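Student: To start, I am sharing the structure in question, which I have written as structure tokens.
The values are calculated or read from the model by the stated rules, or taken from the named source; none is laboratory data. Because the structure is predicted, anything quoted here is derived from the model rather than measured. Virtual Cβ from ideal backbone geometry, glycine too; neighbours counted across all protein chains shown.
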Amino acid sequence: MTQPGCRAAQIRAATAPGRPESTERSRPPTRSASRSRPFFTEDNGTWRAAGEVATALNIGGNAAVESVSCPSAGNCAEAGSYLDQSRHTQVFVVGELNGHWRNAQEIPGTAALNRGGSATVGALSCVPAGHYCSAGGYYLQTRSSQQAFVVNKS
């Protein structure tokens, strides 16, 4: 739970290239914290300072990175969810190319399908050849009808 007037965000999972066993999870926000406190490990490298993701999309003040895939150093993708201006949970993707992060964008087509107001990304996977990624998750077509989606980017 976050304090009134605070925005919440968290990373749920991350993997390192070629090392699926290095997946780490963040701690969820606590009553005494206004944001989550993710923790990560690295064997042979230096971590850069954390930065905000999906800031422009996150009008509702609650975002989460659900999945991270890095097929090679400096080339990653993240997928997650955020609250839009209608307080509906929508899904986003953002990519890093050669060490430079792009702006997060709503996963194309999902907001129109998500009439029930709740969507999430369950998985994201990228391969190095051609920067190809696939993501999958679900959305609510109506308040009582959950549907799956899969999206690809090449």
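Student: Could you please find all residues in region 57-75 being under 16 Å from residue 137 (Cα atoms) and among the polar types (S, T, N, Q)?
Tutor: Matches in region 57-75: 67, 69.
Student: Here is a follow-up. Among the residues of region 92-131, what is the count of those that are within 17 Å of residue 143 (Cα to Cα) and either assigned to a strand (DSSP E or B) or touching a Cys at 6+ places or on another chain (Cβ under 6 Å) (or both)?
Tutor: Final tally of qualifying residues: 3.
Student: Cβ contacts < 6 Å: first residue under 13 Å from residue 81 (Cβ atoms), restricted to region 52-66; second residue surrounded by fewer than 18 Cβ atoms within 10 Å (Cβ to Cβ) and modelled with pLDDT under 90, any location; separation 6+ or different chain. Result?
Tutor: If the second residue must be surrounded by fewer than 18 Cβ atoms within 10 Å (Cβ to Cβ) and modelled with pLDDT under 90, the pairs left are 61/7.
Student: Just to be sure before I move on: is residue 66 under 17 Å from residue 154 (Cα atoms) and not in a loop (DSSP other than H, G, I, E, B) in the structure I sent?
Tutor: no
Student: Name every residue in region 110-154 that is without any contact (Cβ under 8 Å) to a residue 24 or more places away in the chain, hydrophobic (A, V, I, L, M, F, W, C) and more than 26 Å from residue 86 (Cβ to Cβ), in order of residue number.
Tutor: 129
Student: Those residues that are over 30 Å from residue 73 (Cβ atoms) and more than 14 Å from the chain's Cα centre (by Cα), I need them from region 104-137; list them, please.
Tutor: 109, 111, 112, 113, 114, 115, 116, 117, 118
Student: Please specify each residue of region 70-89 satisfying the condition of being surrounded by fewer than 21 Cβ atoms within 10 Å (Cβ to Cβ) and among the small types (Gly, Ala, Ser).
Tutor: 72, 73, 74, 86
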